[in-house]
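Trainee: Quick one: this structure, given as structure tokens, is what I'll be asking you about.
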Amino acid sequence: MIGKLNNEEIETLLHNQVIARLAIVYGNKPYVVPISYAYDGTFIYGFAKEGLKMEMMRKNPNVCIEVENTENIANWQSVISWGQFEELKSGRDRKYALEVLNKRILPVLNSETMRLSPLWPFITEEDTQKLEGIAFRIKLETKTGRFEKSPQPQFYPAR
């Protein structure tokens with residue numbers, strides 16, 4: 001069965017995942033990149049180093065985010081959201097973004113880019129303010145979700 005996620009299911013998926021695919025376009029050059037993120041119900045928060053992703057979002061803040069939960073090929077959920085990028089250079093908004101990112105629950109096995117610091121999860125508020133990198137947020141304006149749920153596994157005999 002294939003269907004649409006309702007608003008509650010969309011919000012649950014956005015809150016429960018930690019990896020998204022970020023789509024950016026500048027000029028005639030599309031770019032899709034995975035990011036680790038945190039979601040507070042309004043904004044997707046991220047933290048990055050200088051690079052093509054940041055350069056492109058500064059030039060065109062219109063972005064698209066895809067988040068998914070794939071149990072297997074016949075059982076999955078996917079949310080597509082469109083929104084506006086905003087760089088958080090300093091002050092209260094940057095502090096809040098880093099707090100949200102620092103407090104998210106990460107899988108036991110995670111990557112260097114998911115952790116804000118080598119000290120994670122034992123990083124203090126004071127430490128987060130000293131982090132070198134770019135905090136940003138994306139205000140999600142439109143969200144849509146789909147799912148597939150197979151009633152039972154489909155097994156086919158080997159040839």
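No lab work stands behind these numbers, since they all come straight from the coordinates. Source: prediction; values computed, not measured. When we count neighbours, we look across all protein chains shown, and the Cβ atoms used for this are built from the backbone with ideal geometry, even at glycine.
Trainee: What FRET efficiency comes out for SER150 versus ASN69 if R0 is 22 angstrom and r is the Cβ-Cβ distance? Round to the nearest 0.05.
Mentor: 0.95
Trainee: Just to be sure I understand the model, the point goes 7 Å from the Cα along the line to the Cβ. What's the resulting TRP76 to THR142 distance in nm?
Mentor: Computed distance between label sites TRP76 and THR142 equals 2.2 nm.
Trainee: According to a simple spin-label model (label point 7 Å from Cα along Cα-to-Cβ), what is the distance in nm between THR42 and ILE2?
Mentor: 3.6 nm
Trainee: Over 32 Å between Cα atoms: which of LYS95/LYS143; LYS53/LYS95; LYS4/LYS95; LYS49/LYS103; LYS4/LYS29 fall into that group?
Mentor: Going by Cα-Cα distance, LYS4/LYS95 fall outside the 32 Å limit.
Trainee: Starting from 0.36 nm per residue, how many nanometres of slack lie between LYS49 and GLN17 once their C-alpha separation is accounted for?
Mentor: Separation in residues times 0.36 nm, less the Cα-Cα distance, equals 9.4 nm.
Trainee: Using a basic spin-label model with each label point 7 Å from the Cα along Cα→Cβ, how many nm lie between TYR26 and GLU9?
Mentor: 3.7 nm
Trainee: In addition: With a 10 Å Cβ neighbour count serving as the proxy for reagent exposure, in which order, fewest first, do MET57, MET1 appear?
Mentor: In increasing order of surrounding Cβ atoms, one gets MET1, MET57.
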